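The values are calculated or read from the model by the stated rules, or taken from the named source; none is laboratory data. What you are looking at is a predicted structure, and each value in this text was computed from that prediction instead of being measured. Because the Cβ atoms are built from the backbone with ideal geometry, glycine has one as well, and the counts that use them run over all protein chains shown. Just so you know, the surface numbers come from the protein's heavy atoms only, side chains and all, with ligands and any DNA or RNA stripped out. Shrake-Rupley method; radii C 1.70, N 1.55, O 1.52, S 1.80 Å.
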Amino acid sequence: MRILITGSSGQIGTNLALHLQAAGHEVFGVDRRPNSWTTAIPTLLQDLAVPYQQFVGGIGGAPYPTCDVVVHLAANAKVHELVTHPHKSMENIAATFNVLEYCRHQQVPIIFASSREVYGDIHRYLTDEQTADFAYTESPYSASKIAGESLVYAYARCYGLRYIVFRFSNVYGRYDNDIERMERVIPLFMRELAAGRPVTVFGRDKTLDFTHVDDCVAGVMRGIERIYAGQIDAATINLAYGQGHTLVAMAQLIAYALDIPAPDIRVEESKRVGEVTYYIADLRRAQELLGYVPQIDLARGIAMAVAWQRDWQQQSH
Ligand SMILES: NC(=O)c1ccc[n+]([C@@H]2O[C@H](COP(=O)([O-])OP(=O)(O)OC[C@H]3O[C@@H](n4cnc5c(N)ncnc54)[C@H](O)[C@@H]3O)[C@@H](O)[C@H]2O)c1
């Protein structure tokens, strides 16, 4: 297969692209910045959020190569940054619109990276987990994902676009240690605890569903295969591990993996604006449609992440 991945220089994009290449597929990446981990992914540097996108690139204006499936991952993905800079949520919506136009003209199916954020804070609102309700939109980032999904569904109805929407949840594990660019809680806690510094958890009971990137990529791979084979035309699927952990428990697992007997884990009771405080994925649809069974629980995933980070540091010094 030939797969176009937007956001190919990011965490999930890098993992997915390398996995696809290892499986013998052809990958064409688009991102607005170069990949900081590998040079193996052919990448067109382009801002997908510009008002009109002709989907040509390079100095000669060469067109995108034809592809079988588009995986649209490009987004400003930091919840807090989009609370302080809400215009970035509009960039996400514009990029999704542009990529959908490309898919419509090329008649290629799309896989869209959405988020558990579309459910809002279900602990507080007790919504039906499979149905996102825009009345509970927690932040401009959530709004950009709800709007993106909504555009995907509109294109499916009006133009017959085939799609899978994946709602990801706290993906971690590899190619996610660029925390100056993108502060993610697991790599951040790994760095701070390894350096003997304290970490602060916002909300003692905050419970999230952490997904090792290998499980995430395995689920997306199945989605790509099923949509390419015509076995799925339209589906919205939660992709996570299916278990909740408090952030305090997660920090303790990191300390254990790093062999730190008395980590300094501090708790602030207040929740940060825009934050979801409770989520455990309902994975029935992923199981039914993809045969997806996640393999890596948090304790093993954190041990793998710590080992990857050590290898990475050794290789780059
Ligand atoms: N990683 C997670 O835990 C998680 C959870 C839920 C949803 N998601 C979604 O999955 C997708 C991938 O997430 P990630 O963790 O790999 O994020 P990431 O930030 O590591 O990667 C996103 C990439 O998109 C690129 N990008 C952003 N805007 C762009 C634009 N206008 N034009 C071109 N490139 C642009 C960025 O440069 C970046 O390389 C995102 O859409 C994110 O919202 C991720």
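Debye calculation, C-alpha points only, no solvent: report log10 I(q)/I(0) for the stretch 167-225 at q = 0.24, 0.28 Å⁻¹, in the same order as the q values. So the normalised log intensities are -1.08, -1.22. For Gly242, nonlocal amide neighbours, meaning residues 5 or more places apart or on other chains whose placed amide H falls under 5 Å from its own, are Ala281. Spacing of the modelled spin labels on Asp233 and Phe134, each 7 Å from Cα toward Cβ, amounts to 2.5 nm. Between the Cα long axis of helix 87-106 and the first principal axis of the chain there is an angle of about 40°, rounded to the nearest 10.
Which whole-number percentage describes the relative contact order of the stretch 136-249, with Cα contacts under 8 Å and a sequence gap of 6 or more? Over the stretch 136-249, the number comes to 37 percent. About the centre of its Cα atoms, the stretch 211-317 shows a dipole size close to 100 debye [charges on the beta carbon of Lys, Arg (+1) and Asp, Glu (-1) only; nearest 20 debye]. Fully extending the segment from Ala22 to Ala262, taken as 0.36 nm per residue of separation minus the present Cα-Cα distance, adds 82.3 nm. Could you list the residues of the stretch 30-47 with an amide nitrogen less than 13 Å from a label point located 7 Å from the Cα of Trp312 in the Cα-to-C-beta direction? Taking a point 7 Å out along Cα→Cβ of Trp312, the residues of the stretch 30-47 whose backbone N falls under 13 Å are 36-38. Amide H contacts of Phe202: Glu268, each under 5 Å away and 5 or more positions distant or on a separate chain (H built 1.01 Å from N in the peptide plane; Pro and chain starts excluded). Student exercise: in the chain, how many lysine pairs 8 or more apart or on different chains have Cα atoms under 17 Å apart? Summing the qualifying lysine pairs gives 5.
Using a 1.4 Å probe, what is the accessible area per residue for the stretch 114-201, in Å²? Intermediate values should be presented prior to the final figure.
On the way: 3680 Å² over 88 residues.
Accessible surface, normalised per residue, equals 42 Å².
Set the Förster radius R0 to 41 Å, insert the Cβ-Cβ distance between Ile179 and Arg104 as r into 1/(1 + (r/R0)^6), and round the FRET efficiency to 0.05.
About 0.65, to the nearest 0.05.
Rounded to the nearest 500, the 222 nm mean residue ellipticity of the chain from helices alone is -12500 deg cm²/dmol, with -39,500 (n - 2.57) taken per DSSP H run of at least 4 residues.
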